[in-house]
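The next block holds one structure in the form of structure tokens; read it before the comments.
The values are calculated or read from the model by the stated rules, or taken from the named source; none is laboratory data. Remember, it's a predicted structure, so these values are computed and weren't measured experimentally. In this analysis, Cβ positions are derived from the backbone assuming ideal geometry, glycine residues included, and neighbour counts consider all displayed protein chains. SASA here: full protein model, heavy atoms, side chains in, ligands and nucleic acids out. Shrake-Rupley method; radii C 1.70, N 1.55, O 1.52, S 1.80 Å.
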Amino acid sequence: GIKSSESYWIYQENACNKLKPYLFNYIMKTIEHFVYGKPFSGESKKVGKIFNPATGDQEAEVKLATTKDVNVAVTNAQKAFEAWSNKPPLQRARVMFKFKELIEKNLDELTKIIVAEHGKVYEDAKGSLTRGLEVVEYACGIPQMLKGEFTENVGSDVDSWSIRQPLGVCAGITPFNFPAMVPMWMFPMAIACGNTFVLKPSEKDPSCSMRLAELLKEAGLPDGVFNVVNGDKEAVDALINNKNVVAMSFVGSTPIAKYIYENCAKNEKRVQALGGAKNHCVIMPDCDLDQAVNGLMGAAYGSAGERCMAQSVAVAVGNIGDKLVNSLAKKIETLKIGPGMDKKSEMGPLVTKDHLAKVKSYVDLGEKEGAKLIVDGRNLKLQGYENGYYIGGCLFDHVTKDMKIYKEEIFGPVLSVVRVKNFDEALKLVNDHEFGNGASIFTRDGDSGRTFSSKAKIGMIGINIPIPVPMAFHSFGGWKRSLFGDQHMHGPEGVRFYTKLKTMTARWPSGSRSDPEFVMPTMK
Ligand code: NAD
């Protein structure tokens, strides 16, 4: 009864799915580490489980590195540093050009890896890879960025110039929600600047990093320049405590970001640690409501709200509240939720069963706290995907600033509407919140837009833009408890973070030597 090649493959897939429980122990994939240009299994017997969030099936296990395993990776990165840092920036850039080409060639495969382990929908996963690719493209211009500065005659016949030199072994620790993009905020910049790198991706979706490591090797990156260790807290602590790791980039939740910041500083490392968020979207009464609602739908429910730049608070100013809530509710009811590989899906599942339980518990809490639950997505069941980690879009109205669902990051498809009287009250709300990652305003009034962008204590601002993520040639980062450290990621800030400044002053006097000087020279 097989009519076409497509139905043949569906038949094969169904047959495999039926056999999977029986074959599981024989076919389960183990994800190892990637050190000095090849897979590395390490000594650890500890493993984590990798699930497909769309089905709830375990698909693989991942090795969780011991301290010794991590130290092997760092030693190999250290070994590769001297030769790599001495390579002319132009040659380093050529590896990045080749890497860019390979990512483009393998975009579909990389996207499918993200969908399979994270759950987000295919086009969104592809978009996140493209945002990572843009950092690679920026890193291709590294010779220009490392040119340095020169002043002839800082004093009579004295010249001075500054250069930026690489640091050594840098490490990156990344979250589950962008398994390609967030690591790519870090390593292309670090490597192009002449450093070597050890990445510890999220243990929930590590496969994409492993594939990127293979592509870097194929692009001609020397062994040991880029390494991946998979693991949990033990691996993180090993990186923090290893003296040969000189710089740490972290992205994840705020408590862990603070832990990383404090402990890396204690261990004399340079550190940038990006944390959690609660992004506000201020909806002014004069805005184009359709634009604002469409913007909010994508920003609150895209990627099931698992984005650090997701809009989780809509601040309704003046009399716009009822209209806003009604329009949002209608759209949320029609959200298409399903597996990430289904072209019709607009929102996929959450990443794990535990995370689904956590998000649901916040919705329960919101009701107890007295917020009005306008749309309840908790009871969503998808036929054929009963064990997947799905939740429908949720909408709360009349949320107040003392509620936990307002104060804390939920990291799911839950939007809270807070009503305020005027612009000043909206701005104060934004500024009083502990997080300061992103914020947007929807308005047709230039004064409101400009005042908001100038006065909000937030790292990234959108004016009629719902998710104001900076492009690769600007830099990404929040304020307040959304970023510990001084420098944002990628772009010009990335170059500064991954290099240190050296300034030379020189003169070449001829004839007799000058006399000793016992006072501060004033360069007359
Ligand atoms: P997480 O903090 O749980 O994990 C991040 C990394 O830290 C992972 O690699 C994990 O293995 C490690 N880790 C977890 N617990 C640890 C511990 N106790 N000690 C040492 N290391 C530990 O974050 P997550 O759940 O993977 O990701 C979601 C969070 O990341 C959200 O809070 C989100 O806002 C944040 N995030 C922030 C940004 C940003 O740019 N500010 C970007 C993406 C995600």
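So here's what we get for this one:
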| quantity | calculated |
| --- | --- |
| Selection count where residues are in a loop (DSSP other than H, G, I, E, B), open to solvent by 30 Å² or more (accessible area, probe 1.4 Å) and within 11 Å of the ligand (Cβ to nearest atom), scope the stretch 471-500 | 2 |
| Helices (runs of 4 or more DSSP H) (entirely within the stretch 97-196) containing at least 2 residues that are more than 30 Å from residue 504 (Cβ to Cβ) and open to solvent by 20 Å² or more (accessible area, probe 1.4 Å) | 107-118, 122-139 |
| Which numbered condition residue 311 fails, given (1) within 16 Å of the ligand (Cβ to nearest atom); (2) open to solvent by 10 Å² or more (accessible area, probe 1.4 Å) | (2) |
| Residue list for the stretch 401-412, restricted to those being in contact with a Lys or Arg (Cβ under 9 Å, 6 or more places away or on another chain) and assigned to a loop (DSSP other than H, G, I, E, B) | 401, 408, 409, 410, 411, 412 |
| Subset of the stretch 205-226 [within 15 Å of the ligand (Cβ to nearest atom) and crowded, with 21+ Cβ neighbours inside 10 Å] | 205, 206, 207, 208, 209 |
| Tabulated pairs, the stretch 245-274, first within 14 Å of the ligand (Cβ to nearest atom), second of a type in the set (Ser, Thr, Tyr), C-beta under 6 angstrom, 6+ apart or interchain | 251/174; 271/261; 272/249; 273/261 |
| Members of the stretch 348-388 found to be hydroxyl-bearing (Ser, Thr, Tyr) and touching a residue at least 12 places away in the same chain (Cβ under 8 Å), listed by number | 352, 362, 385 |
| Members of the stretch 160-181 found to be within 16 Å of the ligand (Cβ to nearest atom) and within 27 Å of residue 82 (Cβ to Cβ), listed by number | 170, 171, 172, 173, 174 |
| Residue check, residue 201 touching a residue at least 40 places away in the same chain (Cβ under 8 Å) and within 16 Å of the ligand (Cβ to nearest atom) | no |
| Residue within the stretch 444-463 that is touching a residue at least 60 places away in the same chain (Cβ under 8 Å) and in contact with a Cys (Cβ under 7 Å, 6 or more places away or on another chain) present | yes |
